[in-house]
Each structure stands twice: as C-alpha cells, then as structure tokens.
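Quick note: the coordinates plus some simple rules give every number you see, no bench work behind them. Note that the structure is predicted; figures quoted are calculated from it, not measured. Positions of Cβ are backbone-derived with ideal geometry, glycine not excepted, and every protein chain shown enters the neighbour counts.
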Amino acid sequence: MASEQSTSGSSSGGGGMELGQFLRARRTQTRPDQVGLTVGSGLRRTPGLRREELATLAGMSIDYYVRLERGKETRPSPAVLDALARALRLDDAEHQHLRDLATRAARYAPEPPPPPSRTVRPHLKLILQTLRPSPAYVISRSMDLLAWNPGGLALYAGIADWPVKQRNIARYLFLHPTARALFPDWAEQVRGCVARLRALAGTAPDAPDLTHLVGELLLKSPDFATLWERYDVIGRKRPQKTFHHPEVGVLTLSAQSMHLEGTPGQRLGVYTAEPGTPDHDAMLLLDLTAPPSAERSERDTKGERQQRTQP
C-alpha cells in the first residue's frame, strides 16, 4: 500500500491546484477496462474512473485522494506519486510531469518568475542563414518566432502578414485561416502543440509569456479550450511533416528541433529534404520566392524604424 505520509500545504496553493487538475484529467480519461476493472451494466455518470476506484487501485484512502485532487494536499510522498502513476498507466513523460507538479506544489511561490530572454544571439542568426535553403527558425518556450531565415517564415503560409510580435506557432495553428489547409494532419499538430504548452504551464503556470498566450487562445479558439481541458502533456512527434503550401505545392520535410545552449527556453527548428527530390525543389523554390521581409526579425525591423525616425 502506498504511503500517505506528508505535510499538507495551504488549501488554495496554486501548485496544489495544478497537481489536482492533472490527476483529475488523467482519471476522467482512463476507462475502467484499461486498468482491469469490471464495469457493471448500470449507467456511469462519471467519465473514466471514479475517485474511489483510483484511490483503491493506488492503495490510499479516498479522503486522501480527494484532498490531492482538490489541491488541499501539496506534499505527496514519492511512493504516493509512483502508485498513482501505476494506477493511471502513465508513461514515463507523464510520470515525470506528475513528479514536477508535486515538486512545485511543495514549494509554491506566488511570485511569477521572469520570462526568459527573447534576444537571439548574432551567431544564431548567422546559423539560420547558413542553413538555407532549409527552412529554419528560433522560437521561445511559448512558441513565439524570434528569428528565422526566409524559408522558415514562408513555410507557415500567411504568418508573415501578421505583425512581428504576433507571430507565434500556437497562435498560427489555431487562429490563422490558412493553418488548417496547410497541414493535412492539423488535428494531430494542434494536439501536440497544446500538450507542449500544457506541460510547460504545469510547472510555470504564472509565467507572463504563457498566461497571455493561453488566455488569448482559450478566449478565441474553442478547439484550443477543448484540448486544454484534456490536460495531455505529451504529443506524438513525427519525424516528417507534410505541408500543402499555397505557393509551392505539397512538400514533405524531415523535422528536427533542439534546445540551444546558453539561451534557456529557446529552440532551433530545422526542416530538410533530400537533394534532387521534388520536396527539395519545392523547398528551394520557397526559399527563393520568400518576400525580403521574411529575413528580418523583430530586432532588425525595430532598428530600421529607429533609423527612419532619426533626423
């Protein structure tokens, strides 16, 4: 039986509430038959597992589990977390997210941390240019486009029409009219996008860069709101993405994303294709036909505006 030994935190701590929300989401999306329970013929009003069923599977009292889910218990022991992960059949990534939420709940501080830097170092911008004709860009942890080469911006058809500060991959997927047509697997793309934001917001829910974006998408996109409620924290990452691009036609590119050293929260995204293939030809055409403005980042355009206003 899992140990319930812990020290309770405040009854309304933000970290505890986030932990409880995650447990509830996983519980309501886990069917009894998935965990070996036999369900009778009667109507079940609760989707997924009932609280008492999960508590029994995890070897803890129903009262203790209810306190966890309501955010009133903020210091579950590692044994409790492991028991819940086994009962809910969490995979490794979800199990780690559960641990991260518990760690944050135990030391919750209401003061939001400062957002990571949006400044892209000059040598990274040089790397983007040397990667041409492969589309490439640097994005923030909340998926803001911070820097790009021509193909990196033109690949997301129509995003260049938005002001620089509005260019965000998540915002594009849910709010730009071209996005659904661009991605034949749009539904899968947005599930992965929301899962990434959910995982990040779970451990930094008060971060301004995240709260602003999530608040906007919850208000403007019912699709986003539905996926956000599910609280998935992992998404399938395909090694290739297919684009139905209005300018260069259909192209399938290999995708790679990597964290950048010395710039917390920033990632480099690159798309490639085998030379001599139709996909590479389309990628080359995309790079050549991208508008000149596609090469300029927010900092570059700001510098140009300042120069124009100087006497």
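Structural remarks
- Relative protection proxy for 255-261, 75-81, from highest mean packing down: 75-81, 255-261 (other beta-carbon atoms within 10 angstrom).
- Ranked by the mean number of other Cβ atoms within 10 Å of their residues, highest first, the peptides 276-289, 141-154 fall in the order 141-154, 276-289.
- Spin-label model distance (nm) - Thr56 vs Asp91, 7 Å beyond Cα toward Cβ: 2.9
- Shape class of region 114-264 from the alpha-carbon gyration tensor: oblate, with a/c at 1.5 or above and b/c at least as large as a/b.
- Using alpha carbons only: equivalent-ellipsoid semi-axes of region 177-278, gyration tensor based, whole Å: 27, 19, 12
- Dimensions of region 34-102 from C-alpha coordinates, computed as largest minus smallest value along each principal axis and given longest first, are 38, 26, 18 Å.
- In straight-distance terms, cross-link reach from Lys125 covers every one of the lysines whose alpha-carbon lies under 30 Å from its own, apart from those fewer than eight places away in the same chain; here that gives Lys165, Lys237, Lys241, Lys302.
- Length added when fully stretched, Thr289-Leu175, from 0.36 nm per residue minus Cα-Cα: 38.6 nm
- Packing order of peptides 224-234, 157-167, highest average first: 224-234, 157-167 (average count of other Cβ atoms within 10 Å over each peptide's residues).
- Tensor-based shape of region 192-231 (alpha-carbon gyration tensor, a/c under 1.5 rounded, otherwise prolate or oblate): oblate
- Region 39-107 versus region 151-202: alpha-carbon centroid distance in Å: 33
- Taking 16 Å as the straight-line reach from the Cα of Lys220, the aspartates and glutamates in range (excluding those fewer than 8 positions away in the same chain) are Glu229.
- D_trans [Stokes-Einstein, Kirkwood Rh over alpha-carbon pairs] for region 216-272, 10 °C, 1.306 mPa s, µm² s⁻¹: 110
- In order along region 182-187, phi translates into HN-Hα couplings of 5, 10, x, 10, 3, 4 Hz, rounded to whole numbers, per the Karplus curve 6.51 cos²θ - 1.76 cosθ + 1.60 with θ = phi - 60° and x for Gly and Pro.
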